[in-house]
Amino acid sequence: MGIVLAALPHPALAAPGSVTPVRGLAVLDLGSGLDLESHGITERPVNGATNAADNKSIDTDQGVVFKMATGSSLVARDGRISVGKLSFQGGVELTKGRKKVVLRALTLDVKTGRVTAVLGSKTQTIGTFPLGDVEVSAKRAGSLDAVITFGGPLTLNAQTAAGIDAALGSNLKEDVDPDAGIEVPMEVHAVVTLASDLAEALDLDLDAVQDLDVDLGIHLL
């Protein structure tokens with residue numbers, strides 16, 4: 001998946017260890033990851049989420065797009081991401097026959113990689129999302145404004161599959177390892193202004209980032 005970002009303001013380089021505000025989006029593809037169609041389950045975005053196919057900012061037509069909520073942030077100290085939370089608005093409704101359940105309010109703890117969400121009416125840990133696969137996918141040429149793509153995937157745990165089964169009368173758990181879970185395609189596109197510690201934590205060379213020349217022109221959300 002790729003992303004294109006309109007030019008952002010260019011503030012001064014943030015101080016090391018400071019809170020870096022983040023905006024952006026996440027793309028979650030439960031449909032192919034869980035092979036929902038073969039289980040007779042349909043999905044649709046709800047509560048402000050959108051279909052990836054309808055979002056011109058990304059180059060995939062698979063999955064559901066969640067907008068990052070205000071207050072999301074990253075903090076890096078001593079060359080690592082020490083703390084931070086990325087929260088996402090919207091949800092995905094799963095339906096089988098007359099039964100349905102909504103997965104919403106995804107939240108990523110960037111220190112641990114743990115992802116929580118509300119499934120039906122219950123808030124729970126649904127899996128883990130690694131932060132190691134990182135790419136600078138777009139920026140304003142000559143600045144430190146960047147879109148950092150975390151490539152995932154989300155490792156969905158067996159408890160979440162069982163919760164969906166309980167709500168829908170499906171049998172997703174037969175395809176999910178009870179100990180290891182199942183990998184589901186997910187990407188997070190985080191719009192940031194790079195500070196030196198954040199760049200180091202992401203293994204990015206600030207001088208090299210400033211030398212990138214990407215033609216930008218489509219607004220992200």
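Where a number appears in this text, it was derived from the coordinates with a stated rule and is not lab data. Since the model is a prediction, treat every value here as computed from it, not as a measurement. Glycine gets a Cβ as well: all are built from the backbone with ideal geometry, and neighbour counts include every protein chain shown.
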Legend entry - FRET efficiency estimate (nearest 0.05) - Cβ-Cβ, Lys99 to Asp203, R0 41 angstrom: 0.35
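What is the calculated FRET efficiency for Ala53 to Ser18, with r their C-beta to C-beta distance and R₀ = 30 Å, to the nearest 0.05? Let's see the in-between values first.
Numbers: r = 38 Å, r/R0 = 1.25.
Computed FRET efficiency for Ala53 and Ser18: 0.20.
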Inset, instruction - Obtain the nm distance between the two label points defined at Glu135 and Lys111 by a simple spin-label model: each point lies 7 Å from its Cα along the Cα-to-C-beta direction. - result: 3.0 nm
Legend entry - Pairwise label distance in nanometres, Asp78 with Thr123, each label 7 Å out on the Cα-Cβ vector: 3.0 nm
Legend entry - Cα gyration tensor, segment 50-139 - rounded (a/c under 1.5), prolate or oblate: oblate
Inset, instruction - Return the sequence-ordered ³J(HN,Hα) values of segment 131-136 in whole Hz as given by the Karplus equation 6.51 cos²θ - 1.76 cosθ + 1.60 applied to θ = phi - 60°, using x for Gly and Pro. - result: 10, x, 8, 10, 9, 7
Inset, instruction - Report the charge-dipole magnitude of segment 117-199 in Debye, nearest 20, computed about the Cα centre from +1 at each Lys and Arg Cβ and -1 at each Asp and Glu Cβ. - result: 360 debye
Inset, instruction - Identify all aspartates and glutamates with a Cα-Cα distance to Lys96 below 18 Å; exclude those on the same chain that are fewer than 8 residues away in sequence. - result: Asp29, Asp35, Glu37, Glu43, Asp165, Glu174, Asp175
Inset, instruction - Of the listed pairs Lys67/Lys122; Lys67/Lys99; Lys56/Lys173, which have alpha-carbon separations greater than 29 Å here? - result: Lys56/Lys173
